[in-house]
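First the structure, in the form of structure tokens, and then the observations on it.
Computed from the coordinates by the stated procedures, all read-outs in this text should not be read as laboratory data. Everything numeric here is computed off the predicted structure, so don't read it as measured data. FYI the Cβ positions are ideal-geometry reconstructions off the backbone, even for glycines, and counts take in every protein chain you see.
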Amino acid sequence: MSLVVLLKGVNVGGHRSFRPSDLAKGLKRFDVVSIGAAGTFIVRSRVGRTEIRAEIERRLPFHADVVICRGSEILGLVSRDPFADGTPEPDIIRFVSVMLRRRTVTAHLPLTLPAEGDWCVQVLGAQDRFIWGLHRREMRAISYLGRLEKAVGAPLTTRGWNTFLAIGRLLEL
């Protein structure tokens with residue numbers, strides 16, 4: 001089964017910028033496909049996590065946390081579709097955060113940030129290493145997604161639900 005690699009905190013606001021397509025080309029022997037600009041990759045060849053992590057870290061021009069999931073984990077999440085009960089309003093984004101290391105979520109869910117006033121981030125659920133929810137399409141959402149790490153007790157990297165759907169489609173090919 002394929003591996004899915006998610007880099008944390010790259011190509012955000014001009015910091016730690018690189019071209020994911022160039023990295024994928026450099027990893028051609030592992031049959032790597034780049035998805036979008038946020039540092040999301042599918043590794044289609046049989047390779048161990050340690051080897052692909054080392055290759056990615058060697059080729060990046062900076063340090064980045066590298067999260068590696070089995071493709072079957074992503075397919076399981078996509079098939080369960082935690083957002084099946086509807087499409088949000090246009091200013092609401094569905095997201096999935098992935099814990100860098102498996103941990104038990106320490107926050108009581110659902111969780112709303114901020115706790116008072118208009119919400120910016122709503123965490124709807126969690127299973128295994130995945131946490132999913134909604135955030136408003138506004139700049140302060142990034143700050144609240146950062147606070148989510150502290151609330152759940154684990155470092156996270158976040159992608160839009162549409163990215164997970166795209167990964168699922170490519171894994172099924």
Among Gly86, Gly76, Gly48, residue whose mean-square fluctuation peaks in a GNM of the chain (springs only between Cα atoms under 10 Å): Gly86
Cα Rg over Rh - the chain, Kirkwood: 0.96
Cubic angstrom per residue, convex hull over Cα atoms of the stretch 80-161: 90
Residue-count net charge about Asp65 - beta-carbon cut-off 12 Å; Lys, Arg +1, Asp, Glu -1: +2
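Give me the dipole magnitude in Debye, nearest 20, for the chain about the Cα centre, with unit charges on the beta carbon: positive for Lys and Arg, negative for Asp and Glu.
Result for the chain is approximately 740 debye, rounded to the nearest 20.
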Rounded, prolate or oblate (a/c below 1.5 giving rounded, otherwise prolate when a/b exceeds b/c) for the stretch 3-73 by Cα gyration tensor: prolate
